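Asks: Below: one structure in structure tokens.
The values are calculated or read from the model by the stated rules, or taken from the named source; none is laboratory data. Quick caveat, the model's predicted, so the values are computed rather than measured. Positions of Cβ are backbone-derived with ideal geometry, glycine not excepted, and every protein chain shown enters the neighbour counts.
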Amino acid sequence: MLVNGGRAIVPNVIKAVEVARQRGILVIWVVREHDPLGRDVELFRRHLYTTGKVGPTVKGTEGAELVDGLVIKEGDYKLVKTRFSAFFATNLHSLLQGAGINNLIITGVQTPNCIRQTVFDAVALDYQSVTVIFDATAAATPDIHAGK
């Protein structure tokens, strides 16, 4: 989903991903995709999926794709989510456990929602360390991103 401020962090996300790949670290791309009728969308967003209207994060729409410059490569993993947290109702925790991964580095958007909730869930699930790269994450405005 396109977030104001998101395009500005793309070079930093690319750099973080390149470093991860060079070090053999699994890169997991998390995207939002929703049912065309909005049946799996949060209640407060269902109005965006009214009859005859294609919602902003339906599979195949721009809002469900990675922004230009971000590319899923062989060996990466694409995780589809329907809520703020990448852990909620997904196989992320099982995937990480199966791969023996206990330390997470998080980039992306939207800091007060998706990033924050994913971090909270990772901490609750006892990951050893959870690092957010500040200049590779963004929110709608710099003040929101900084927590002001």
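Asks: Hey, can you tell me all the residues within the range 125-148 that are exposed (fewer than 11 other Cβ atoms within 10 Å of the Cβ) and not in a loop (DSSP other than H, G, I, E, B)?
Replies: Initially, the range 125-148 is screened for residues exposed (fewer than 11 other Cβ atoms within 10 Å of the Cβ), giving 126, 128-129, 143, 146-148.
Of everything in the range 125-148, those that are exposed (fewer than 11 other Cβ atoms within 10 Å of the Cβ) and not in a loop (DSSP other than H, G, I, E, B) turn out to be S129, D143.
Asks: Let me ask something else. Checking V31 against (1) of a type in the set (A, V, I, L, M); (2) part of a strand (DSSP E or B); (3) touching a Phe, Trp or Tyr at 6+ places or on another chain (Cβ under 8 Å), only one condition comes out false. Which one?
Replies: (3)
Asks: Let me ask something else about it. For the range 57-65, state whether one or more residues are closer than 22 Å to N91 by Cα, under 20 Å from the mean Cα position of the chain (by Cα), outside any loop (DSSP other than H, G, I, E, B) and among the β-branched types (V, I, T).
Replies: Yes, the range 57-65 has at least one match.
Asks: Out of everything in the range 6-19 that is more than 13 Å from L66 (Cβ to Cβ) and surrounded by fewer than 18 Cβ atoms within 10 Å (Cβ to Cβ), what residue ends up being modelled with the lowest pLDDT? Write out each step before concluding.
Replies: Taking the range 6-19 and keeping what is more than 13 Å from L66 (Cβ to Cβ), we get 8, 11-12, 15-16, 18-19.
Retained after the next criterion (residues that are surrounded by fewer than 18 Cβ atoms within 10 Å (Cβ to Cβ)): 8, 11-12, 15, 18-19.
Numbers: A8: 94, P11: 98, N12: 98, K15: 99, E18: 99, V19: 98.
Residue satisfying both the conditions and the ranking: A8.
Asks: Based on what the data block shows, is L37 over 22 Å from A139 (Cα atoms) and in contact with a helix residue (DSSP H, G or I) (Cβ under 7 Å, 6 or more places away or on another chain)?
Replies: Working: over 22 Å from A139 (Cα atoms): yes; in contact with a helix residue (DSSP H, G or I) (Cβ under 7 Å, 6 or more places away or on another chain): yes.
Yes.
Asks: Can you find, within the range 83-124, the residue that is farthest from the chain's Cα centre (by Cα) among those that are in a loop (DSSP other than H, G, I, E, B) and closer than 23 Å to G6 by Cα? Steps first, answer last, please.
Replies: Going through the range 83-124, the residues in a loop (DSSP other than H, G, I, E, B) turn out to be 83-91, 99-102, 110.
Imposing the further condition that a residue be closer than 23 Å to G6 by Cα reduces the set to 83-88, 110.
Working: R83: 10, F84: 8, S85: 8, A86: 7, F87: 10, F88: 12, Q110: 8 Å.
Checked the range 83-124; the qualifying residue farthest from the chain's Cα centre (by Cα) is F88.
Asks: Being within 22 Å of D40 (Cα to Cα), assigned to a loop (DSSP other than H, G, I, E, B) and touching a residue at least 40 places away in the same chain (Cβ under 8 Å) is the filter here; which residues of the range 66-82 pass it?
Replies: T82 - this is the single residue of the range 66-82 that is within 22 Å of D40 (Cα to Cα), assigned to a loop (DSSP other than H, G, I, E, B) and touching a residue at least 40 places away in the same chain (Cβ under 8 Å).
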